[in-house]
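Below: one structure, written as structure tokens.
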Amino acid sequence: MIILTPTARAQQAAPSKVPTETYKDWNVKCVTSTPAGTPVRQCFLSQGLYIVKTKQKIFEMIIDPPNEKNESFSGIIAPLGVLLSKGVVVSLSGIEPFALAFRS
């Protein structure tokens with residue numbers, strides 16, 4: 001597997017705890033880190049696709065909430081060979097599907 005678009009905020013500093021909550025098909029994980037001695041809590045959404053028998057993860061999408069500039073970042077973990085050159089279309093309950101730009 002390869003991380004195609006990493007979520008930088010989730011990778012900053014070593015986490016001190018990672019509680020997870022589940023809402024329907026989505027997981028919410030919050031990481032508390034102390035990058036400059038001050039605790040910072042960062043949360044993100046994720047949803048994975050697994051093989052039922054082996055519970056092996058074959059796909060995961062990670063979404064960071066918008067920051068102070070109203071920018072949101074997402075990441076996709078997928079096996080090598082997945083064609084994403086035309087981008088990714090996200091379909092969520094209650095809203096029209098929308099396209100995300102893709103950059104590796």
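Of the trypsin sites (Lys or Arg not before Pro) found in the range 37-104, those that fall in a DSSP loop while having at most 16 other beta-carbon atoms within 10 Å are 53, 55, 69, 86, 103. Taking 0.36 nm per residue of separation and subtracting the Cα-Cα distance, full extension of the segment from residue 95 to residue 30 would add 20.9 nm. Annotation for the range 32-78: GluC sites (Glu not before Pro) lying in DSSP loop with at most 15 further Cβ atoms inside 10 Å of their Cβ are 68, 71. Straight-line reach only, C-alpha to C-alpha below 16 angstrom: list the lysines that residue 29 could link to, leaving out same-chain residues fewer than 8 apart. Within the straight-line cut-off, residue 29 pairs with 17. Computed extension length for residue 54-residue 83: 8.0 nm, one decimal, from 0.36 nm per residue of separation with the Cα-Cα distance subtracted.
Partners of residue 24 within straight-line reach, counting lysines whose Cα lies under 27 Å from its Cα and excluding those fewer than 8 residues away in the same chain: 53, 55, 57.
Each value in this text was obtained by applying a stated rule to the coordinates, not by laboratory testing. Being a predicted model, the structure only gives us computed values, none of them experimental. For neighbour counting, all protein chains shown are included, and Cβ atoms are generated from backbone atoms with ideal geometry for every residue, glycine included.
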